[in-house]
Each structure stands twice: as C-alpha cells, then as structure tokens.
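Okay, so here's the structure we're looking at.
We did not get these values from a lab; they are worked out from the coordinates using the rules stated. Note that the structure is predicted; figures quoted are calculated from it, not measured. Here the Cβ positions follow ideal geometry from the backbone for every residue, glycine too, while neighbour counts run over all protein chains shown.
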Ligand code: MN
C-alpha cells in the first residue's frame, strides 16, 4: 500500500487535509464524507491494510435495497483522513467543503477488493446492513448496492 498518488495530488502547505502515512495496524472503520466539490459527491472509504480504500460515489451510498450506484475508485487515502472535515481551498485539488456524513465499523462477509467483489456489512449511524462492491470492466468503476 502506498500514499504516493494521494500525496502527489496535494500541497500540504495549502490544504488542511492530512499528509498521513500508511499505518501498521488497521481497525475496521468506514467513513462517508459529503464533498461539495465542483460536483457534489460522497466519498466512501474503508479502512484496510493501513490505508483508506476510497471511492467517489456521485449519488451516495444507497440506504435502501434495489438501488445500484456507481462508485469510482480513487487513490488510497491516509487513515487519518477518516476524521477530516473542512474546506479545501479554491485552486487546490478537490476544492470545496468536506463534511462527515456517516461513519462506523465495517466487517467482511465474503470476497475481496483485489478480486473486484466484496460483500461486507456496515454499522454506521445512518447506513446499516449488508452491501456489495463489484468492479466493472473499466477497472476504476464499481457498483455499490445494498443486499440486506
Ligand atoms: Mn471527494
């Protein structure tokens, strides 16, 4: 795991975002950040292997079954990003407001991210239940949906 892409995109003397580093120990937390950038989206992040595996979900993680949403995988973020909320200044990467929309714990049910198919449960305040993330042919595009 590496944060090279994350760090290369940002100027840490300009953005309040954490520079961060890869952690040795992972908990099993998740966060959904509402990001009012040029285009509003929700950033879904799963703590795994010392980083936050991350997706931009334009319409947000579905709260009900029967809705499939596009989730575009983005660069791994540092674990410290899990608590980040604030304003990314105009002119910087991802400029706009970031708020924490929900957070909690996640748990593996089956599959794995490398194979492009992960079934997992989320225990947040707003989001609860079982979900699937499945990778599409275009490798950065995934679908996320609720199964239970
Ligand atoms: Mn974002």
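Relative contact order, whole percent, for segment 1-92 stands at 32, derived from Cα pairs under 8 Å and 6 or more residues apart. Would you please state the base-10 log of I(q)/I(0) at q = 0.19, 0.26 1/Å for segment 64-126, with intensities from the Debye formula using one equal scatterer on every alpha carbon? Log10 of I(q)/I(0), two decimals: -1.09, -1.38.
If a spin label sat at a point 7 angstrom from the Cα of residue 24 along the line to its beta carbon, the backbone N atoms of segment 44-58 nearer than 19 Å would be those of 48-52.
Any idea what diffusion coefficient the chain gets from Stokes-Einstein, in µm²/s, Kirkwood Rh on alpha carbon pairs, 20 °C, 1.002 mPa s?
On the way: Rh = 15.4 Å.
It diffuses with D of about 139 µm²/s by this estimate.
Between residue 68 and residue 95, the distance separating the two model label sites (each 7 Å from Cα on the Cα→Cβ line) works out to 3.6 nm.
By the compact-protein rule of thumb, 2.2 N^0.38 Å, the alpha-carbon radius of gyration of segment 27-79 corresponds to a ratio of 1.14.
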